[in-house]
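The structure under discussion appears below in the form of C-alpha cells.
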Amino acid sequence: MNRLSLLLATAAALIASPLAAQTTAITGGKVVIGDGSAPIEGGTVLIRGDRVIAAGANIAIPADAQRIDATGKWVTPGVFAGFSRIGLVEVGAVSATNDTEADKSVFSAALDIQYAINPFASPIAVNRAAGVTRAVVSPESGSTIFGGYGAVIDLGQDENPITQARAFQFVELGETGHRRAGGSRAAAHILFRALLEEARTYARSPAAFDSDLLKASDAKALLPVLNGSTKLLVHVESANDILKVLDLRKDFPALDLVLVGANEGWRVARHIAAANVPVLASALSDLPAGFEDLSATQSNIGRMKDAGVKVAIGMINDRDAHQLRYSVQYAGNLVALTKVPRATGLTWDEAFAAISSVPAEIMDMGGQLGSLKAGHKADVVIWSGDPLELSTQVESVMIDGVDQSLGNRQMRLRDRYSNPTPGALPKAYDH
C-alpha cells in the first residue's frame, strides 16, 4: 500500500511540475510589463506553460528554453478590453446574430451572458489579430434597467472563451436607463432601489417571495450585488447622474460599484476618487451627442487620473462588439493629448496600463492578468514597433502561453479579392 501511495504521489508531482511544461524565452525586445512602469530595452520574457515566469532585464534563460528573437520589436501583455459586447454580435442589424439584449424576456438580472457568447464570431479573430487577448463582455439592458450577468473572456482560438463567468452585474442609470424605467431619472432611481429592496425581501424568505416587480430568479441574482460579492457596472455619463450613483452607497453601503462611460466624470472627479470607485471610461468622446454628454472632453480620462481616480479605457456604445482594436489607437491619442496646449492626456506608460493592467485590476483580476509579472497568465503580444502607433503591426499573439493564429475572415476576403481572376461564375458563387 505504501509503495502504491509513493508511486501515485510521484506521478502527481511530475504532472504538476512546471518543469514538464515547455519553456519559452522571448529575448532582445523592448519589454513592456504593463503596470505603468517604463519599457525595458533588450529585455526578456520567460514563459513556462501558461504562465509568465519572469520578465525584465538580465533574466537567466534555461538551456532547454525555446528562444524567440524579438530584437527591434516590442513585447507587451495582451490588450485587456475594459468594456465590450464582443462575441455577442455578428451583424448588428440582423436580430438572429445579435444577442446583446433580451428586451422581450420576462427575466432581467438573472440573465447570464456567458450562454450567448460565440467564440467563433468573426470579430473575435479580427481583434485577436490586433493584440486583444481578454475582454469584459457585458449585456445591454433590455426592457428594464438591469441587463444581467457579464463575463470576462479570452479571445483564444478555441471553443471555451470564458475566463470568469458572472463577473459582474450591469445596470443602466443614465438616459437609456430613465427611458427603460418609464421616462424619468426619478423613475430609474426609484426602480433601482425598489428592485434591491425586493431582493432583500427575497433573502429573508425565498419560499414566501411574491413580487410584481421582480422574478424570484432575478431577486436571487441581485443578492451578491447587495452584499458586494459581485461587482455592479453602472452606465452613466452626466456629472449629475454620477453623483446620484455614488449616493446609492448611503442606502446600500456594500455595493461594489464601477462606473462605465462617465463622459462628464472630470467634472466630479474628486467625488469619484473620494468614493474609491473605479471607471471604465470612453476614451475620446468630445461631442455633445446627448444632454448627458454636454461637457464631454477628450481630457476626461487624463483629468480623472490626475484627480486620483482609477480609470481604464472602455468602449461602451462605440463599436464595442466589433472594434476593440481601436482601444490601442485611443490610448495612443491620449498620449498625444499631452502635447496639446491646455489638454490633459496620459503618459505612454499610463496609457498602455489603461488597456492592460488597470482594467484587469478594476475587475479584480490584476493578480492573474493584464501584465507580464511573474505568475500571471502568459498573454503576450509581439509588435513590429510601438504598439500605440497606427503603423505598427502585430507579429505574434500568445494567450495562456499558446500561440494563436492571426488569420481571420477579413484577411481571407482581402486575399480572395485582391487579385480576382475571371471564372465560369461570378466570384460570389465559388465554394
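The values are calculated or read from the model by the stated rules, or taken from the named source; none is laboratory data. Bear in mind the structure is a predicted one, so any value in this text is a computation, not a measurement. Here the Cβ is made from the backbone with ideal geometry for all residues, glycine too, and neighbour counts use every protein chain on show. What goes into the accessible areas is simple: the full protein's heavy atoms, side chains included, and nothing from ligands, DNA or RNA. Shrake-Rupley method; radii C 1.70, N 1.55, O 1.52, S 1.80 Å.
Looking only at strands (runs of 3 or more DSSP E) that fall completely inside the stretch 20-94, which ones have 2 or more residues that are open to solvent by less than 10 Å² (accessible area, probe 1.4 Å) and either among the aliphatic types (A, V, I, L, M) or more than 30 Å from LEU232 (Cα to Cα) (or both)?
Qualifying strands (runs of 3 or more DSSP E): 23-31, 40-48, 51-56, 79-84.
Quick check: anything in the stretch 52-73 in contact with a Lys or Arg (Cβ under 8 Å, 6 or more places away or on another chain) and under 19 Å from GLY156 (Cβ atoms)?
yes
Please determine whether any residue of the stretch 135-143 is open to solvent by less than 40 Å² (accessible area, probe 1.4 Å), touching a helix residue (DSSP H, G or I) at 6+ places or on another chain (Cβ under 9 Å) and among the charged types (D, E, K, R).
Within the stretch 135-143, not a single residue is open to solvent by less than 40 Å² (accessible area, probe 1.4 Å), touching a helix residue (DSSP H, G or I) at 6+ places or on another chain (Cβ under 9 Å) and among the charged types (D, E, K, R).
Can you tell me how many residues within the stretch 369-378 are open to solvent by 40 Å² or more (accessible area, probe 1.4 Å) and farther than 18 Å from GLN404 by Cα?
Qualifying residue count for the region: 2.
Here's the yes/no breakdown for (1) modelled with pLDDT under 95; (2) more than 14 Å from ALA374 (Cα to Cα):
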residue: LEU6; (1), (2): yes, yes
residue: LEU14; (1), (2): yes, yes
residue: GLY28; (1), (2): no, yes
residue: VAL32; (1), (2): no, no
residue: ALA38; (1), (2): no, yes
residue: GLY42; (1), (2): no, yes
residue: ALA54; (1), (2): no, no
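Taking interchain pairs and intrachain pairs at least six residues apart, which have beta carbon atoms under 6 angstrom, with the first residue in the stretch 181-193 and outside any helix (DSSP H, G or I) and the second open to solvent by less than 60 Å² (accessible area, probe 1.4 Å)?
Hits for this filter: SER184/HIS178.
Give VAL381, VAL358 a once-over and let me know the one that is open to solvent by less than 60 Å² (accessible area, probe 1.4 Å) and either at positive phi or part of a helix (DSSP H, G or I) (or both).
Numbers: VAL381 fails: either at positive phi or part of a helix (DSSP H, G or I) (or both).
Result: VAL358 is the single residue among VAL381, VAL358 that is open to solvent by less than 60 Å² (accessible area, probe 1.4 Å) and either at positive phi or part of a helix (DSSP H, G or I) (or both).
What are the residues in the stretch 337-349 that are open to solvent by less than 60 Å² (accessible area, probe 1.4 Å) and more than 22 Å from ILE33 (Cβ to Cβ), if any?
LEU337, ALA343, THR344
Just the residues that are open to solvent by less than 10 Å² (accessible area, probe 1.4 Å) and over 18 Å from ILE124 (Cβ atoms), please, taken from the stretch 149-171.
If the condition is that a residue be open to solvent by less than 10 Å² (accessible area, probe 1.4 Å) and over 18 Å from ILE124 (Cβ atoms), then PHE168, GLN169, PHE170, VAL171 are the ones that fit.
Collect the residues in the stretch 239-267 that are more than 20 Å from LEU334 (Cα to Cα) and over 24 Å from the mean Cα position of the chain (by Cα), keeping them in residue-number order.
ASN240, LEU243, LYS244, ASP247, LEU248, ARG249, LYS250, ASP251, PHE252, PRO253
Report, by residue number, each residue of the stretch 308-336 that is within 21 Å of GLY36 (Cβ to Cβ) and in a helix (DSSP H, G or I).
Hits for the stretch 308-336 are SER327, VAL328, GLN329, TYR330, ALA331, GLY332, ASN333, LEU334, VAL335, ALA336.
In the stretch 130-180, what count of residues is obtained for those that are touching a strand residue (DSSP E or B) at 6+ places or on another chain (Cβ under 8 Å), in contact (Cβ under 8 Å) with a residue 60 or more places away in the chain and charged (D, E, K, R)?
4
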